[in-house]
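The values are calculated or read from the model by the stated rules, or taken from the named source; none is laboratory data. What you see is a predicted model, and the numbers here were worked out from it, not measured in a lab. All Cβ positions, even for glycine, are placed from backbone atoms using ideal geometry, and neighbour counts span all protein chains on display. Accessible surface is based on the protein model in full, side chains and every heavy atom, while ligands, DNA and RNA are left aside. Shrake-Rupley method; radii C 1.70, N 1.55, O 1.52, S 1.80 Å.
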Amino acid sequence: MATKLEYIWLDGYKPTQSLRSKTKIEKDFSGKLEDCPYWSFDGSSTEQAPGGSSDCVLKPVFICPDPQRKEAYLVMCEVLTSTHEPHPSNGRATIEDDDNDFWFGFEQEYFLWDPETSKPLGFPAAGYPSPQGPYYCSVGAQNAFGREIVEEHLDACLDAGLNVEGINAEVAAGQWEFQIFAKGAKEAGDQIWMARYLLERIGEDYGVSINWHCKPLGSLDWNGSGMHANFSNTTLRTAGSKETYDIICEAFRPAIEEHIAVYGADNHLRLTGKHETASITDFSFGVSDRGASIRIPLYTVEKGWNGYLEDRRPNSAADPYKVAAVIIKTVKSAKV
Ligand code: ADP
Ligand code: MN
Ligand code: MN
Ligand code: MN
């Protein structure tokens with residue numbers, strides 16, 4: 001039997017990498033990751049290699065059923081150079097979480113976008129819909145736009161075995177969110193990228209594109225899109241101490257620039273101090289504070305300082321691998 005394996009990877013575009021994929025047919029495929037062979041692609045077409053020496057290598061790292069194709073799987077890959085070193089564009093290889101002690105829950109926001117009008121679904125061709133207010137978690141054709149795409153995406157993710165924890169309509173018209181949680185930073189990143197892939201592909205059927213930009217409506221009074229990173233390790237899950245949380249949060253303060261560098265392009269347009277964000281140049285943390293850089297969820301305090309933290313700064317276009325890598329580095333640097 002012929003099986004379709006969709007090999008998926010991230011290209012080398014800066015500052016925002018995009019998904020690329022191509023199909024490999026395998027005979028009598030077992031369904032297992034270890035039976036996915038390495039493959040290669042033309043890196044000169046993806047800003048990952050010069051034309052004279054163009055081969056880059058695809059190393060399969062995550063597999064799940066492809067819910068939308070017959071006899072098919074989706075295969076997330078890391079990009080290696082021709083000598084099998086991690087390519088500079090390979091953020092996944094920079095994650096130092098070998099024992100999967102770090103758990104991540106990413107809240108991916110995005111806009112469903114009409115490529116004809118270059119506006120979100122729900123926006124009239126000329127002018128604007130009613131101001132923000134009624135759209136968040138809304139129901140009804142007046143306020144919720146594109147639900148059929150969102151629902152199809154949710155089912156596709158669940159059928160693929162991705163650990164989606166929820167979805168909701170967001171604050172701006174045509175803006176939505178899904179949440180994915182995984183134990184292990186690499187796995188969380190893999191699942192977010194797979195979910196992004198499925199969303200992009202489903203959008204094709206509707207002639208709707210996905211706008212991952214963090215502030216697609218500019219400086220107007222419309223929310224931007226984030227990808228809040230909720231994270232914990234054994235220390236955070238079992239600290240039982242406010243002081244431990246303070247020390248870990250303080251470790252983020254001297255690393256503002258290192259974090260912002262990988263928290264997504266154009267984040268200065270989004271982290272303005274308005275629309276439930278903190279200013280990009282400040283660092284703050286606080287219990288339940290949605291205007292802080294890092295929010296300490298009430299859950300964590302109610303459980304006696306055993307829980308997780310939410311870094312609210314990563315934006316919708318950030319690479320979850322790079323976000324996880326820098327958070328892990330900073331948490332490990334804290335002297336607790
Ligand atoms: P909100 O919109 O209030 O910020 P959400 O419910 O959208 O919150 O997202 C919260 C996220 O936190 C979920 O993705 C969930 O998986 C994640 N989360 C919960 N507990 C932990 C934990 N111990 N470690 C890491 N992430 C967690
Ligand atoms: Mn949320
Ligand atoms: Mn949200
Ligand atoms: Mn959040």
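Among the residues of region 223-242 satisfying the criterion of being within 11 Å of ligand 1 (Cβ to nearest atom) and of a type in the set (S, T, N, Q), which is farthest from the chain's Cα centre (by Cα)?
T238
Hey, could you check region 1-17 for residues that are open to solvent by less than 30 Å² (accessible area, probe 1.4 Å) and not in a strand (DSSP E or B) and say which is nearest to I210 (Cα to Cα)?
Q17
For the condition of a type in the set (S, T, N, Q) and either modelled with pLDDT of 95 or more or within 16 Å of ligand 4 (Cβ to nearest atom) (or both), what is the one hit in T281, T330?
After applying the criteria, what remains is T330.
What is the number of the single condition among (1) more than 30 Å from P124 (Cβ to Cβ); (2) open to solvent by less than 30 Å² (accessible area, probe 1.4 Å); (3) of a type in the set (A, V, I, L, M, F, W, C) that I256 does not meet?
Unmet condition: (2).
Across region 165-190, what is the total count of residues that are out of contact with any Cys (no Cβ under 6 Å at 6 or more places or on another chain) and either open to solvent by 10 Å² or more (accessible area, probe 1.4 Å) or within 16 Å of ligand 3 (Cβ to nearest atom) (or both)?
Summing the residues that are out of contact with any Cys (no Cβ under 6 Å at 6 or more places or on another chain) and either open to solvent by 10 Å² or more (accessible area, probe 1.4 Å) or within 16 Å of ligand 3 (Cβ to nearest atom) (or both) in region 165-190 gives 18.
Which of the residues spanning region 113-142 are within 16 Å of ligand 3 (Cβ to nearest atom) and touching a residue at least 40 places away in the same chain (Cβ under 8 Å)?
Answer for region 113-142, where residues must be within 16 Å of ligand 3 (Cβ to nearest atom) and touching a residue at least 40 places away in the same chain (Cβ under 8 Å): P120, Q132, Y135.
Got a sec? Which of E148, E107, E116, E96 is charged (D, E, K, R), outside any loop (DSSP other than H, G, I, E, B) and more than 16 Å from ligand 2 (Cβ to nearest atom)? Walk me through it before giving the result.
Details: E107 fails: more than 16 Å from ligand 2 (Cβ to nearest atom); E116 fails: outside any loop (DSSP other than H, G, I, E, B); E96 fails: outside any loop (DSSP other than H, G, I, E, B).
The match here is E148.
For region 230-336, list the strands (runs of 3 or more DSSP E) that sit wholly inside it and hold at least 2 residues that are farther than 23 Å from I192 by Cβ and not polar (S, T, N, Q); which are they? Can you show your working first?
On the way: elements: 285-287, 294-296, 309-311.
Because the criterion is at least 2 residues that are farther than 23 Å from I192 by Cβ and not polar (S, T, N, Q), the strands (runs of 3 or more DSSP E) in region 230-336 that meet it are 285-287.
Against the definition (open to solvent by less than 60 Å² (accessible area, probe 1.4 Å) and among the small types (G, A, S)), how does S130 come out, yes or no?
No.
State whether one or more residues within region 245-265 are within 21 Å of G91 (Cα to Cα), assigned by TED's automatic domain parsing to the domain that holds I192, within 16 Å of ligand 4 (Cβ to nearest atom) and aromatic (F, W, Y). Before the answer, list the steps.
From region 245-265, those within 21 Å of G91 (Cα to Cα) are 252, 255-265; that's our starting set.
The next check asks that each one be assigned by TED's automatic domain parsing to the domain that holds I192; those that pass are 252, 255-265.
Subset that is within 16 Å of ligand 4 (Cβ to nearest atom): 263-264.
Checking the rest, the ones that are also aromatic (F, W, Y) come to 263.
The answer is yes; a qualifying residue exists.
Looking only at region 81-112, how many residues end up being touching a Lys or Arg at 6+ places or on another chain (Cβ under 9 Å), away from ligand 4 (no atom under 16 Å from the Cβ), open to solvent by 30 Å² or more (accessible area, probe 1.4 Å) and over 23 Å from T46 (Cβ atoms)?
Final tally of qualifying residues: 3.
Can you work out which of the residues in region 265-296 that are touching a strand residue (DSSP E or B) at 6+ places or on another chain (Cβ under 6 Å) and surrounded by fewer than 18 Cβ atoms within 10 Å (Cβ to Cβ) is farthest from S225 (Cα to Cα)?
V287
Go through the residues of region 18-39 one by one and say whether even a single one is under 17 Å from the mean Cα position of the chain (by Cα) and open to solvent by 50 Å² or more (accessible area, probe 1.4 Å).
yes
Quick check on region 196-203. Is at least one of its residues away from ligand 1 (no atom under 14 Å from the Cβ), on the phi > 0 side of the Ramachandran plot and out of contact with any Cys (no Cβ under 7 Å at 6 or more places or on another chain)?
No, every residue in region 196-203 fails to be away from ligand 1 (no atom under 14 Å from the Cβ), on the phi > 0 side of the Ramachandran plot and out of contact with any Cys (no Cβ under 7 Å at 6 or more places or on another chain).
Answer yes if at least one residue in region 216-231 is small (G, A, S), over 22 Å from D289 (Cβ atoms) and touching a residue at least 12 places away in the same chain (Cβ under 8 Å), and no otherwise.
Within region 216-231, one or more residues are small (G, A, S), over 22 Å from D289 (Cβ atoms) and touching a residue at least 12 places away in the same chain (Cβ under 8 Å).
State which residue pairs qualify: first residue within 30 Å of P124 (Cα to Cα) and of a type in the set (S, T, Y) and inside region 85-112, second residue in a strand (DSSP E or B) and away from ligand 1 (no atom under 16 Å from the Cβ) in any location, beta carbons under 8 Å apart, and separation of 6 or more residues or different chains.
Once the first residue is within 30 Å of P124 (Cα to Cα) and of a type in the set (S, T, Y) and sits in region 85-112, its partners that are in a strand (DSSP E or B) and away from ligand 1 (no atom under 16 Å from the Cβ) give Y110/I210; Y110/N211.
What pairs can you find where one residue is in region 143-171 and touching a residue at least 40 places away in the same chain (Cβ under 8 Å), the other is surrounded by fewer than 16 Cβ atoms within 10 Å (Cβ to Cβ) and assigned to a helix (DSSP H, G or I), and their Cβ atoms are less than 6 Å apart, with a gap of 6+ or different chains?
As it stands, the answer is I149/Y206, since those pairs meet every condition given.
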